[in-house]
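So the structure is just underneath, and the comments pick up after that.
The values are calculated or read from the model by the stated rules, or taken from the named source; none is laboratory data. Just so it is clear, the structure is predicted and the values come from calculations on it, not from any experiment. Reconstructed Cβ throughout: ideal geometry from the backbone, glycine too, with neighbour counts over all protein chains shown.
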Amino acid sequence: MSQVGRAGRRLALPIGAAVIVVDQGTKQWALGRLSEGRVIDLVWTLRFRLTFNEGMAFGAGQGLGVAIGLLAAVIIALLIRQTARAMPRSQAAALGLILGGAAGNLIDRLLRDEGLLRGAVVDFIDLQWFPVFNVADAAINVGAALLVIALIIEARSTEDERES
């Protein structure tokens, strides 16, 4: 493994671990404070309201929890493998966010029900004009956006180098 690849892994894995810790901690907080229908209004349309999602993003795929969980496990394994490759720090950071978010939601599917991969994901951040989500969901989306931006910048940089 190259020095750059190890640097990528040294960045991606701690970011992923931090996302998991924050995600699971906030979900435990939500389960304790938002049970029995309690809602905490914060600012504007932002509030905390506990919901459970047995599907995937935006509630799609209800009833496919096992398949979604298995797919998430494969994605996590591929992301961990990808972190071993040489990559810019921006890409490693983005992969860490995606990895941590996917793992955070997979933990819910593994631990929040009696059956393997049948648990529901805990969601609690409610903007009231967007589907309810959690820290893991936010990390996945921010990481994906950062990865796209990093890949575009890298492609433009490579193109500029070829033209010079």
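Below, the figures for the structure above:
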read-out: Options Arg109, Arg81, Arg118: the member that is at pLDDT below 90 and assigned to a loop (DSSP other than H, G, I, E, B); value: Arg118
read-out: Failed condition for Gln128, given (1) over 12 Å from the mean Cα position of the chain (by Cα); (2) on the phi < 0 side of the Ramachandran plot; value: (2)
read-out: All positions within segment 81-104 that are without any contact (Cβ under 8 Å) to a residue 40 or more places away in the chain and crowded, with 16+ Cβ neighbours inside 10 Å; value: Gln82, Ala102
read-out: Filter pass, Ala67 being exposed (fewer than 14 other Cβ atoms within 10 Å of the Cβ) and assigned to a helix (DSSP H, G or I); value: yes
read-out: Residues that are among the acidic types (Asp, Glu) and either farther than 16 Å from Gln28 by Cα or under 14 Å from the mean Cα position of the chain (by Cα) (or both), drawn from segment 72-125; value: Asp108, Glu114, Asp123
read-out: Single match in Gln24, Gln28 (criterion: at pLDDT 95 or above, over 18 Å from Pro131 (Cα atoms) and exposed (fewer than 12 other Cβ atoms within 10 Å of the Cβ)); value: Gln28
read-out: Residue match in segment 150-160 (condition: in contact with a helix residue (DSSP H, G or I) (Cβ under 6 Å, 6 or more places away or on another chain) and of a type outside the set (S, T, N, Q)); value: yes
read-out: Segment 47-71, residues that are under 17 Å from Leu111 (Cα atoms), modelled with pLDDT under 80 and of a type in the set (Phe, Trp, Tyr); value: none
